[in-house]
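Colleague: Structure provided below as structure tokens; questions to follow.
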Amino acid sequence: MDEQLVFDIVTAFLGSQERFEKGAPIGPNLNLTFGDIDGTSQGACGAVQIKMHPGAIRAYEAAGHSVADCLRP
């Protein structure tokens, strides 16, 4: 996917935290990551290795969050 498109999608996602958490009774239990991403607590930097899209990394960092090195391509 185009980096700018992913950046725009993830930016919109990060901006909708309150809506996810308050919009439905299940909202607080969705376990969505709206903050720093350490990779370990998300299950992406252990036995399973998952890399984030560069546009997603850019969006998280633009929102002031940190992203673990193990998630970088």
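Colleague: What does the helix-only formula give at 222 nm for the chain: each DSSP H stretch with n ≥ 4 adding -39500 (n - 2.57), the total divided by the residues, and the result rounded to the nearest 500 deg cm²/dmol?
Modeller: Value at 222 nm, helices only: -11000 deg cm²/dmol.
Colleague: Under 5 Å between amide hydrogens, which residues at least 5 positions from ILE37 or on another chain qualify, with H placed 1.01 Å from N in the peptide plane?
Modeller: Residues meeting the criterion, in which the H sits 1.01 Å from N, are SER66, VAL67, ALA68.
Colleague: Pairing the Cα long axis of helix 3-15 with the longest principal axis of the chain, what angle in degrees results, from 0 to 90 and rounded to the nearest 10?
Modeller: Compared with the principal axis, the helix lies near 40 degrees.
Colleague: Mind checking the dipole of the chain: about its Cα centre, +1 per Lys or Arg Cβ, -1 per Asp or Glu Cβ, Debye to the nearest 20?
Modeller: 140
Colleague: Determine the shape class of the chain: with a ≥ b ≥ c the square roots of the Cα gyration tensor eigenvalues, call it rounded for a/c under 1.5, and otherwise prolate if a/b is greater than b/c, oblate otherwise.
Modeller: Oblate, since a/c reaches 1.5 and b/c is not below a/b.
Here, each number is a calculation from the coordinates, and none is a lab measurement. The shown structure was predicted, so the numbers you read here are calculated from the model rather than taken from an experiment. Ideal geometry is used to build each Cβ from the backbone, glycine not excepted, and the neighbour counts take in all protein chains shown.
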